[in-house]
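The values are calculated or read from the model by the stated rules, or taken from the named source; none is laboratory data. What you are looking at is a predicted structure, and each value in this text was computed from that prediction instead of being measured. For neighbour counting, all protein chains shown are included, and Cβ atoms are generated from backbone atoms with ideal geometry for every residue, glycine included.
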Amino acid sequence: MPRLFIFAIGGTGSRVLRSLTMLLAAGVKPVGGREYEIVPVIIDPHKGNEDLKRTERLLWNYRSITKEAGTGNGFFSTRIATLDDIVPSGNQARGSFTFGLQQVSNTRFKEYIDLHQLSAPSRALADILFSGKSVNKHGQEVDLLDVEMDIGFVGNPNIGSVVLNQFKDSDEFRVIASNFKQDDRIFIISSIFGGTGAAGFPVILKNIRGAMANTGIDGRGFLQDAPIGALSVMPYFNIETDEKSPIQRADFVAKTKAALHYYKDNVTGNGSVNAMYYIADDHIGRPYKNDPGNGGQRNDAHFVELASALAVIDFLSIPATELRCDNGRAQDPVYKEFGIRNDAGAVTFAELEDGTEHMVALRLSQLALFRKFVDEALEAAKDKQPWSMDAPALDGRFFSDTFHRTHVKEFLTAFGEWLNEMAGNQRSFAPFNLSGAIPALVKGRQPDSGWFKKNVDHVLLNEQLNKTAKGAVHDSAHSKLIGLFFKATEHVLTSRFGLNAPQA
Amino acid sequence: MTDLFAALYEWFGLLPYSRDMGDHLRGWDILCESYTGTPWYVYMGWLMFAVTGLLYAIQYHIWDRSSFNKKHHWWLVALAVAGVNFLIAFTIPFNAIQSGDHCPDLYLTVPDCLGFGFSNALWGFILFVVITTLPFPRRLSTNCRQTTFWKP
């Protein structure tokens, strides 16, 4: 199976990856039906970043679910692997989704570049290039050269581009290079208005396209001509004004313009990327807390991150013939943006264009219905309904086991949090009424009713589960749980709510 | 057939009602000459099968709801099976007593009717247990295929 290596850089990278994981869990697939194994690599020096930590936890739960249940069950139908998973002799228990940046913990930037070891002219140049102020992890103002990098690059791509250049000599890059096959693809997710993403994207891209010059790695040819997609997230949220903070909303646009100018010559202008996706939102919503990183940086999920995750799905839908490269140069590069039908402050499925709606509405609704059932009706149904009792049994023991209690339950809880965060954000994405009854679950969609129509409730869902389970054969109880709920929720939502199945 | 049902209803000789009631149900005619009257045992036997089968079909295949498939629902239907069969079996000889529509030599009493009703109810219940314990046709039900007298 071909692979998609995703480099998710910085806090935005983690947040977009979080949305992508939710979409994949819901069963969203690229058009064309080609299967890919996803290998995410999160690049962020800020290991204490809450967005990174919860994305990594989410990925682990996803991976654990597919390891037990397989990927042929509708939900969780795309394999997600760590780099260690793809190495035949890799220690799969030890794997990680994060890139191990060296020498950033408790290290000031001037120590990282050995400023005191440099010659006088080089030191003078460094003083010029890295002049200015920033904050340390205690929130105190410091010179840029004195920044401790374990809270990230604090909106300073100039120091980020130096530190992230270690990527080309890393074990991770060597593993990717030696396992990269002809049909594999690469996608890079970064923001353009901060520090880590803006710095990391061109560095990683340059090292992949320039792989032929790197004698320390295998598989250089495939890597040099790899189909590469990239997402550049431009400003999409507002932050609180804090004069002491190095992060200022006013700088976002200036930084974006500067970076785009750089990309014009060094990224898009030289044909390094086959498919470039741009996304931004100028909707002025409720500002985020101004946290340069020392507060843990936990931002609520945002609709733009979901739309950004769709760029990955779109990239996988592009036929290989349209992603050709020659000597590290894309032959027919494409540039894409994302739009919605109405400039609404509260986005529901009705505001999405038809293609997007067909891709996500049914699948997300299915996962939302699965979560609702697990929260509200599972306890009463287990060991009572035939779908639970038929072999392999989904009995009390199964539901108290780690697979369900930890991985599935925790994932579904995180899915609910993700939806609630997007619903509470501005611009909001609130297509569901999560606390209401099932008929009110999908906003703008009422289930059909009539004299001979049964009410849409947990009873009906149990009956659909019983019908689906009748005579069905399952490899394991784990795959049965995931597969049954996918099929039953799909049937209820298509037959009663009129949601359409996505194009195959 | 009469002998088969008679053996069942009379519990192979234990007889929960009088011998006279047994003769009446066998079809002892109103002229008290031969067993050419209505063969009640056969009628009641088939009716018991039909009633039990109908109530089984209603729960397992017609109504067939996930909200009506627990063991207490099974017991509720079993009670209905027993109740309906009791009523039928009690009413028919009771009406015969009331109207005098039987051989006048036979001494039929209300306790006989109760005994026959009880016997019919018990066989209906046993039949219901058997039908719902065997995997077929229970397995054809969507929502009650796991429902028996002891689970879920």
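Report the residue count in the stretch A:486-495 for those that are of a type in the set (A, V, I, L, M) and within 14 Å of chain B (Cβ to nearest Cβ).
2
Check off (1) surrounded by 23 or more Cβ atoms within 10 Å (Cβ to Cβ); (2) at pLDDT 95 or above for A:G293 and give me the number that stays unchecked.
For A:G293, the exception is condition (2).
Please go through the stretch A:90-127 and give me each residue that is at pLDDT below 80 and of a type in the set (D, E, K, R), ordered by number.
A:R94
Assess whether B:Y41 counts as being more than 12 Å from the chain's Cα centre (by Cα) and aromatic (F, W, Y).
For B:Y41, the condition - more than 12 Å from the chain's Cα centre (by Cα) and aromatic (F, W, Y) - is not met.
Can you name the condition, by its number, that A:K168 falls short on among (1) surrounded by 19 or more Cβ atoms within 10 Å (Cβ to Cβ); (2) within 21 Å of A:G269 (Cβ to Cβ)?
(2)
For the stretch A:450-487, which positions are more than 19 Å from A:F399 (Cα to Cα) and among the aromatic types (F, W, Y)?
A:W451, A:F452
Name, by its number, the condition in (1) assigned to a loop (DSSP other than H, G, I, E, B); (2) within 25 Å of the chain's Cα centre (by Cα); (3) farther than 23 Å from A:H283 by Cα that does not hold for A:F201.
All conditions pass for A:F201, except number (1).
If you scan the stretch A:123-135, which residues turn out to be crowded, with 20+ Cβ neighbours inside 10 Å and more than 17 Å from A:A258 (Cα to Cα)?
Across the stretch A:123-135, the qualifying residues are A:S134, A:V135.
Just one of A:L316, A:L323 is of a type outside the set (D, E, K, R), under 17 Å from the mean Cα position of the chain (by Cα) and more than 14 Å from every other protein chain (Cβ to nearest Cβ); which is it?
A:L316
Here's a check for you: in the stretch A:371-418, which residue that is of a type in the set (S, T, N, Q) and over 14 Å from A:H478 (Cα atoms) is farthest from the other protein chains (Cβ to nearest Cβ)?
This residue is A:T413.
Hey, B:G100 hits all of (1) on the phi < 0 side of the Ramachandran plot; (2) away from chain A (no Cβ under 14 Å) but one; which does it fall short on?
(1)
Would you confirm whether any residue within the stretch A:64-71 is crowded, with 20+ Cβ neighbours inside 10 Å and either at positive phi or not in a helix (DSSP H, G or I) (or both)?
Yes, the conditions are met somewhere in the stretch A:64-71.
Among what's in the stretch A:421-444 and is assigned to a loop (DSSP other than H, G, I, E, B) and in contact with a Phe, Trp or Tyr (Cβ under 8 Å, 6 or more places away or on another chain), pick the residue that is surrounded by the most Cβ atoms within 10 Å (Cβ to Cβ).
A:P431
Give just the number: which of (1) within 14 Å of chain B (Cβ to nearest Cβ); (2) within 28 Å of the chain's Cα centre (by Cα) does A:N455 not satisfy?
(2)
If you check A:G483, A:G424, A:G498, A:G471, which single one turns out to be within 14 Å of chain B (Cβ to nearest Cβ) and not aromatic (F, W, Y)?
A:G471
Of all residues being more than 22 Å from the chain's Cα centre (by Cα) and of a type outside the set (G, A, S) in the stretch B:124-146, which is farthest from the other protein chains (Cβ to nearest Cβ)? Just the residue, please.
B:P135
Would the stretch A:445-455 turn up any residue that is among the aromatic types (F, W, Y) and surrounded by 21 or more Cβ atoms within 10 Å (Cβ to Cβ)?
No: zero hits.
Kindly indicate whether B:W74 is touching a residue at least 40 places away in the same chain (Cβ under 8 Å), within 14 Å of another protein chain (Cβ to nearest Cβ), buried (at least 17 other Cβ atoms within 10 Å of the Cβ) and among the hydrophobic types (A, V, I, L, M, F, W, C).
yes
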